[in-house]
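Structure, as structure tokens:
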Amino acid sequence: MGVFTEKAAVGAGDWPQGAEETSQTRRRRVRGRVWRGLIRVSTVFGLLVLTTLLYNVVNSTWGYVVVRDQLSEQLIVLLERSHITHAERRVDALKMVDGNPHAVVVMSSQLVPAVPDGFRGVPIGDQHAALALIALVPEENRFLLGLDETLLRQLLREGSRWSDLAPNWPTESISLMFVVDEDGVLSRWAARQDLPNLDNLGTNAMLAVLETHLSAGLLRRYDREEPMADRSRANLLALVQERVKEPEVLATFTLRDSLVRQGEIQAFAESEGAIAEFRSWLTPGFLVRPQSANAARSGIRTALLGSLWVIAITIIFSVPLGIGAAIYLEEFSSRNWFGRVIETNINNLAGVPSIIYGMLGLVIFVRALTQITSGSLFGTVSADEASGRTILSAGLTLGLLILPVIIINGQEAIRAVPDSLREAAYGVGSTRWQCVRWHVLPMAVPGILTGAILAVSRALGETAPLVVIGAATFISVDPTNLFAKFTVLPIQIYQWTSRPQAEFRNIAAAAILVLLVLLLFINATAVLLRNRAESQRM
Amino acid sequence: MSVKPGAEFLTGGLGIEMDSRRGLGRRRRPFEQFMHGALWLCGAISILTTIGIVYMLGQEALLFFRREEVRLLDFLTGWTWQPQTLQFGIWPLVNATMGASLIAMALALPLGLLIAIYLSEYASFKARRILKPILEVLAGIPTVVYGYFALTFVTPILRNMFGVEVVEIFNIASAGLVIGVLVLPTVTSMSEDALRAVPVALREAAVGLGATKLETSVRVVVPAALSGISAAFIVAMSRAVGETMIVAVAAGAGPRNFADWSEALGGLRALNPFQSAETMTGHIVRISGGDISYDSLDYDSLFAIGLLLFLMTLGLNIFSRAIASRFRERYD
């Protein structure tokens, strides 16, 4: 306080007088106003960051996607109408039908610079266009002289035998074959043929499509998961969409770009022969699909379930322990050296970086206690393949991490219970534990729970320690027990963010939204709990 | 239990039995003792955790330094961290960590203090009620989300501002700035607590002497709360040093190595914030996130880094508490 006495000793003559005083006062006021503005601006900055952060996430969760299908829907249907079942792409189709007078091959004229020997070429559609279709009919074929576009369409729609179309034609079955080209000539032609939609294909047709376009190995894999013949139509349709149509994301756009630069996006899509569609990356399907190597097909089911499992373990482990420790420190521990040591220690633990806890978990739970955390002790896995990188290890590690936070919050809540309550309890002869159990705890519970919930919400967003103890990089099976490999939502976000492809950023943003909503929900519960407790106490 | 006749009037016929041969205080209460023991154990777990941390870091780091490929002197002075060539100099990692933390503090320190001054001195009751929860929300956002923010928002802005050739996709500056945002709530709330603890009488005295609000805040209240504010900065610094996910996502994967001190500091190349560099925490996460075999040199080296990180943050935390308690002004 020495400063103030010195000031008081300053004589009156040292102060500025008259005009000088006025101008000085004005200067001080202006300075005050300028700084007040600055201080307000800094405060607004905090708000701004939060808004920007949310805007950034939302901006990437919705927006245009330019998608090009490997095969357009019409083309799939067209190929399904091909009467040669193994109409492989870009195969030397001519060889396949050479010498078969009942076959017709249709392909882009680009693929056949000159009509090969033994065939007759019939142009289909606009003959003057640079890229047109050509139908090749073997020379031996005597009846198909008048082939043109109309007849071709008829072939597509009706009958399986030539005689179905005209009575004087042979009774052999029609062999109509289309060859897919890279320039999209056939697909453009197919688009004009008003063929039925993919959705309108029957189960058998879809099975046929799958058999035509999928490799044998892949078919076998799907068959093992669920026999093809038993699958529902919707399931088959999804498979066709996913594997045959095989949409490929060329570019993704943010919500802002989608709203502002719509024209450019459409133009880009057209120049690439693709379509631009507005997509929400956050869909109900996103929540229930497992992880996948393809961003558009990926979901967070595994990660979400993993998070719930891990958090459950964390709660079971750390909340009772933390509350117990808080009670001990506040109600039982005499203020001796032991109490003080624990006290300081807990404060220091709360400041240890989370990654160090990860290393602790790695050494203790994953390695030293492998037998327990891998479940080999309980016979769930054999000792050879025992790995401690399980849900149990993750939950326990996070438990240790939030334990100090729970203890500190719990202590505060217990300290807030007035001493008069304790004295009254002791006055009527209760023991320490009775006093705690029947008087202190009931009053402190809302506060303790609020602190515990906040700590748990921190654990839910924790990433680094779980990466260190070894979260799985790719799993698509649901965790079913404590000893399962795991991934959690924040780790999923981390992995997707680290990928170079733009579409993974989009699903990372969608996953972030899910995580934030989850945390908001938990924190809101904590706040509600606190408010209710406060209003009851009033 | 035998009850002597005559003791009944004490219990008022409530059915409470009383052992008159023994005093109540000395009665054995197994349950009471059990609970006492159980709660003691809960408290002891925290001690066990600390012992665990110190033991495992010390043990594994010792294994690392015992290896003949590793020399402690090189570890402490070297500027190349390259496990493939058995070069373990810690400085590239420490340099990146310090760089990111200092950038973070350069943002969080002035901003946090100004916001704290606003909340404690300028804000109306209503404004405080709105602003405080928002800051709490900011503090509750997972760090991996901040990492995403750094990579997809701050980095593009920096690259727009300073040029694509100058600013790399992964860089220390972007990570550092976002860490600054992350620790902002810590700085703000701790500083605000310190400012609010300054008695109103001091403010009234200043105002009475003709000081403006700004002069009162900056010349009287802030100096009076300086110990608490310094403590807040140091705690924030310790959090910045230990922050992992932001740097893992946005700062780059690979230490920025130099041959020696003169190369690192010549032209201050080691200090360029726009190049990618790996921090201590970033390195631990990247290496342990891959398929690492236990008992390898790589694995052991992580614990040497971890030990250093632990000592740094612990030192900062203890320092912060020492400042807070030693230089605390007492107003009674």
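The values are calculated or read from the model by the stated rules, or taken from the named source; none is laboratory data. This structure is a prediction, so every number in the text was calculated from the model and none was measured. A quick note on method: Cβ atoms are made from the backbone with ideal geometry, for glycine too, and the neighbour counts reach across all protein chains shown. Accessible surface areas use protein heavy atoms only, side chains included; no ligands, DNA or RNA. Shrake-Rupley method; radii C 1.70, N 1.55, O 1.52, S 1.80 Å.
Of note:
- Of all residues in the range A:152-168, those being modelled with pLDDT of 75 or more, open to solvent by 40 Å² or more (accessible area, probe 1.4 Å) and either in a loop (DSSP other than H, G, I, E, B) or more than 16 Å from A:Pro196 (Cα to Cα) (or both) number 4.
- Counting only residues that are more than 8 Å from chain B (Cβ to nearest Cβ) and of a type in the set (Val, Ile, Thr), the range A:324-358 holds 1 of them.
For every residue, the table says whether it meets (1) assigned to a loop (DSSP other than H, G, I, E, B); (2) within 14 Å of another protein chain (Cβ to nearest Cβ); (3) modelled with pLDDT of 80 or more.
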site	(1), (2), (3)
B:Arg21	yes, no, no
B:Leu57	no, yes, yes
B:Pro92	no, no, yes
B:Ala100	no, yes, yes
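- Answer residue from the range A:301-315, given it is over 15 Å from A:Phe483 (Cα atoms) and either among the charged types (D, E, K, R) or within 14 Å of chain B (Cβ to nearest Cβ) (or both) and is most open to solvent (accessible area, probe 1.4 Å) among those: A:Arg301
- Check on A:Asp181, exposed (fewer than 14 other Cβ atoms within 10 Å of the Cβ) and within 36 Å of the chain's Cα centre (by Cα): no
- Flag for B:Ala44 being open to solvent by less than 80 Å² (accessible area, probe 1.4 Å), part of a helix (DSSP H, G or I), under 20 Å from A:Ile316 (Cβ atoms) and more than 7 Å from every other protein chain (Cβ to nearest Cβ): yes
- Lone qualifier among A:Arg68, A:Arg29, A:Arg40 - being of a type outside the set (Ser, Thr, Tyr) and either touching a His at 6+ places or on another chain (Cβ under 6 Å) or away from every other protein chain (no Cβ under 14 Å) (or both): A:Arg68
- Count of residues meeting criterion [open to solvent by less than 30 Å² (accessible area, probe 1.4 Å) and without any contact (Cβ under 8 Å) to a residue 12 or more places away in the chain] in the range A:397-430: 1
Every residue, every condition in (1) surrounded by fewer than 16 Cβ atoms within 10 Å (Cβ to Cβ); (2) facing another protein chain (nearest Cβ under 9 Å); (3) more than 20 Å from the chain's Cα centre (by Cα), yes or no:
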residue: B:Ala224; (1), (2), (3): no, no, yes
residue: B:Pro255; (1), (2), (3): no, no, yes
residue: B:Phe274; (1), (2), (3): no, no, yes
residue: B:Ala304; (1), (2), (3): no, no, no
residue: B:Leu308; (1), (2), (3): no, no, no
residue: B:Thr313; (1), (2), (3): no, yes, no
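- Condition check for A:Ala394: open to solvent by 30 Å² or more (accessible area, probe 1.4 Å) and either touching a Leu at 6+ places or on another chain (Cβ under 6 Å) or not basic (Lys, Arg) (or both): no
- Lone qualifier among A:Val468, A:Val436, A:Val428 - being modelled with pLDDT of 90 or more and touching an Asp or Glu at 6+ places or on another chain (Cβ under 9 Å): A:Val436
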